[in-house]
Amino acid sequence: MKKRWLGLMVVAAMVVGVGCGKKAEQGSVEPVAVPKAFVSEEPAGEPTPIPEARKLPPGTDVLLKGLVMGVRSPFVEGRALFILGDEATITPCNAKDDDHCSMPWDACCDPLEVRAAGTAAIQVLDDTGEVLEQGLKGVNGLKELSRVTVAGAVAPHSTTNAFVVNAASLYVEPEASNQPEAKDAHATCPSCPAK
């Protein structure tokens, strides 16, 4: 029970802490075991947009696709939990013509309420049903702005305000194809610091 609430607390902290970053995260990632949830072929089916999926009741099977984005630190250290952002709802800064943000995955030019509506916390559980005690950053190529397809179920403790999905399978698109496509130019975002 304690660990289940960890996911909700982390999601709340991540959403509250969103904003433009001044400095990209640095450091090496030590090799770790790849959880069995990672798959080499994309799960079949039509993904549900995250804003629509947030309305689904706990226990509902769901297929999501998006980029690792929406907050400054989308990965939880030491826990198999990250934030997935809906590409049709929020826009990473590097997909804008006037990109000047050093953490484009935080999508800081989009309003907080839009980022909150367009993100989902994705967690991988262990055999006992608790969040796996292993960080996922760097595992199987997963990093900020990776495009990921997630098949799983809405977590039992998920709410519309703290949307959490228990992943059964995670497909990470290869590096060459997982960069966001440029979208229409947006007005200059005053909240983003210069690189």
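Brief remarks on what is shown
- With both labels modelled 7 Å from their Cα along Cα-to-Cβ, the LYS55 to LEU112 distance reads 2.5 nm.
- Across the stretch 158-174, rounded Karplus estimates of 3J(HN,Hα) from the backbone phi angles (6.51 cos²θ - 1.76 cosθ + 1.60, θ = phi - 60°) give 5, 10, 5, 8, 10, 7, 10, 10, 8, 7, 9, 8, 10, 10, 9, 5, x Hz, Gly and Pro being marked x.
- Rounded to the nearest 20 debye, the dipole magnitude of the stretch 89-133 is 220 debye, with +1 charges on Lys and Arg beta carbons, -1 on Asp and Glu beta carbons, and the Cα centre as origin.
- Cα principal axis extents for the stretch 38-175, largest first, Å: 45, 30, 28
- With DNA, RNA and ligands ignored, accessible area of VAL124 (1.4 Å probe; Å², nearest 10): 10 Å²
- Less than 5 angstrom separates the built amide H of ASP98 from those of HIS186, all sequence-distant by 5 or more or on a different chain.
- Residues whose amide H lies under 5 Å from that of GLY138, counting only those 5 or more places away or on a different chain, are LYS143; hydrogens are built 1.01 Å from N in the peptide plane.
- Surface calculation, 1.4 Å probe, protein heavy atoms: ASP126 sits at approximately 50 Å² accessible.
- Sparsely packed loop sites in the stretch 32-138 (the GluC sites (Glu not before Pro) outside DSSP H, G, I, E and B with at most 12 other Cβ atoms within 10 Å) comprise GLU41, GLU77, GLU133.
The values are calculated or read from the model by the stated rules, or taken from the named source; none is laboratory data. On a predicted model such as this, the values are computed, not experimentally measured, just so you know. Neighbour counts are summed over all protein chains in view; Cβ atoms, including those assigned to glycine, are modelled from backbone coordinates with ideal geometry. Areas reflect the complete protein model, heavy atoms only, side chains present, ligands, DNA and RNA absent. Shrake-Rupley method; radii C 1.70, N 1.55, O 1.52, S 1.80 Å.
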